[in-house]
Each structure stands twice: as structure tokens, then as C-alpha cells.
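Student: First, the structure itself, so that you have it in front of you.
The values are calculated or read from the model by the stated rules, or taken from the named source; none is laboratory data. All of these numbers come straight from a predicted model, not from anything done at the bench. Each accessible area value is taken on the protein alone, full model and side chains, heavy atoms only, with ligands, DNA and RNA left out. Shrake-Rupley method; radii C 1.70, N 1.55, O 1.52, S 1.80 Å.
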Amino acid sequence: MDSGLLDQIYIFVLAIFVGYVLITKVPPTLHTPLMSGANAVSGIVILGALIVAGREGGVTATVLGFLAVVLAMINVVGGFVVTDRMLQMFRKEPRNKRS
């Protein structure tokens, strides 16, 4: 097996472990800012996917890049919708002046 591939697999497994440990240690009050950060990371994924889809790497790379763009966009839009709904829970309703 190629040593470059082994390095990439090692980094991927390590990233999964670090991500799991970090997510389980975050208190619930910080979930909304964490979700916003995840949306920013998805924006970076969109940029990388656009670069991959735009290169002349063959049909497979173009299809995978397009699929990555679509999935990352779903993640970004869904993340913003969920974040907005969570922030609405903390908004105070305007007081009625007559009561």
C-alpha cells in the first residue's frame, strides 16, 4: 500500500477521533456558535469542491465535485435555518404598552 495513502487514512482517522472528543465536550450553550463555525467550514468545502469540479480531471471528478457542492450547500443552508430558529428562541417578545 502506498505510504501517502496510509498517511491520509491516518489523518482521517485522527480527525474523526479529535472531532468526536471535541463535540462531546462542548456544553449545550455553545452549540449555536459551534454550528455557525461548522457552516463556515462547509463554505471552505464548497470552495474546494468548486475547484475540483472545475478542473479537467475527468467525468468522475466533475461529478464528485458537483455532488460535494450540492451536499455542502444543503449543509450550509440547513445550518443557517437551524441557527436562526435557535436564535429566535432567545428573542424577547415586544411588550404590549396597554397591559
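Student: Considering only protein heavy atoms and a 1.4 Å probe, what is the carbon-and-sulfur percentage of the accessible area of the chain? Kindly include the intermediate steps, with their values, before the conclusion.
Tutor: Details: 6030 of 8490 Å².
That fraction is 71 percent.
Student: If the stretch 1-53 were replaced by its equivalent ellipsoid, with semi-axes equal to the square roots of 5 times the Cα gyration tensor eigenvalues, what would those be, largest first, whole Å? Let's see the in-between values first.
Tutor: Details: eigenvalues 138, 75, 3 Å².
Equivalent ellipsoid of the stretch 1-53: 26, 19, 4 Å, largest first.
Student: For helix 3-25, report the angle its Cα long axis makes with the longest principal axis of the Cα atoms of the chain; keep it between 0 and 90° and round to the nearest 10°.
Tutor: With both axes taken from Cα atoms, the answer is about 10 degrees.
Student: Hey, another quick one. Taking only C-alpha pairs under 8 Å that are 6+ residues apart, what is the relative contact order of the chain in percent?
Tutor: Details: 45 pairs, mean separation 25.2, N = 99.
Relative contact order comes out at 25 percent.
Student: Relative to the first principal axis of the alpha-carbon coordinates of the chain, what is the inclination of helix 59-90, with its axis defined by its Cα atoms, in degrees from 0 to 90 and to the nearest 10?
Tutor: The answer is roughly 20 degrees.
Student: Using all Cα-Cα distances in the chain, what percent lands in each 5 angstrom bin from 0 up to the longest?
Tutor: 2, 11, 12, 13, 19, 14, 10, 7, 4, 3, 2, 2, 1, 1, 0, 0
Student: May I pose another question? Counting heavy atoms of the protein chains only and a 1.4 Å probe, report the per residue accessible area for the chain as a whole number of Å². Write down the numbers at each step before the final one.
Tutor: Working: 8490 Å² over 99 residues.
Using a 1.4 Å probe on heavy atoms only, each residue of the chain averages 86 Å².
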